[in-house]
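One structure below.
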Amino acid sequence: MGKNNVSYQLMTLITTHKLGDKAESIFKKHGLSLQYRLGAEGTASSDIMDMLGLGSVDKCLLLSVLPRAAAQDVLGKLKRELRMHAVNSGIAFTIPLSGASGLLLHLAGGGKEDSERKDENAMTQRTHALVVAMINRGFSGDVMEAAKAAGARGGTVVHSRCIGSAEASALLGLSGQEEKEIVLILTDVTSKTTIMEAVTARCGAATEAKGLVMSLPVDDVTGF
């Protein structure tokens, strides 16, 4: 495969802050110089944890761009060195990118990407998807209640702020407070639609949560 046909992925890791430090060193060893680290909250899927008041746990969200050919190797290292088979150690997955700037690809260690390239074989084999819900601050609990009732195992909450124009926000149904929460829910593809419909009914644009719900394809997963 020539450089012009290199495909890229967004490596996404959700784990504890301690393991996040270790993951950063793994990324650096693989030459992944472009990294982002965000604070997040994990949501428990266990009834016992909920009863103990441990339904929200501090997590970190790590993002890095890498060539698809390197993804399996990095995922394998994360699985082994972070012991991602253990409970609450974290999950890692890759999201395909259809285009990126030249600087981004340089930092990811590759050449120019063909943004129109279609990997139909990968699409037919995908077994997971990422459901993303952007809602007003304070409604992430409602999102997760609806999602879990529809089959979700858990989710991750990232706090954010809406900076779009009033016109664009209103068009997307995002009018309301500027402080937002983004809920990330990794699920199998068979449950994706049911979860999205449940979250939209509970926290969609017509509700006080003013939510926007979407899904992203996921190529490879470990720790789920």
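Derivation of every value follows stated rules applied to the coordinates shown; laboratory data play no part. Nothing here was measured: the structure is a model prediction, and the numbers come from that model. When we count neighbours, we look across all protein chains shown, and the Cβ atoms used for this are built from the backbone with ideal geometry, even at glycine.
The slack between LEU63 and THR194, meaning 0.36 nm per residue of separation minus the straight C-alpha distance, is 44.4 nm.
Using a simple spin-label model with pseudo-atoms 7 Å out from Cα toward Cβ, ARG37 and MET214 lie 2.8 nm apart.
Residues whose amide H comes within less than 5 Å of that of LEU10, counting only those at least five positions distant or on another chain, are ILE95, LEU97 (H built at 1.01 Å from N in the peptide plane). For the range 130-142, backbone phi angles converted through the Karplus equation (6.51, -1.76, 1.60; θ = phi - 60°) give residue-by-residue couplings of 10, 8, 10, 10, 10, 9, 4, 4, x, 10, 5, x, 5 Hz, Gly and Pro being listed as x. Distant-in-sequence amide contacts of GLY151, defined by a placed amide H-H separation under 5 Å and a gap of 5 or more residues or a different chain, comprise nothing. With R₀ set to 30 Å, the beta-carbon distance separating ALA205 from ALA86 gives a calculated FRET efficiency near 0.15.
Full extension of the chain between SER25 and GLN72 gives 15.2 nm of extra length, using 0.36 nm per residue less the Cα-Cα distance. Phi angles across the range 206-212 convert, under the Karplus curve 6.51 cos²θ - 1.76 cosθ + 1.60 with θ = phi - 60°, into 3J(HN,Hα) values of 7, 9, 5, 6, 6, x, 10 Hz, Gly and Pro given as x. Between THR127 and ARG161, residue separation times 0.36 nm minus the direct Cα-Cα distance comes to 9.1 nm.
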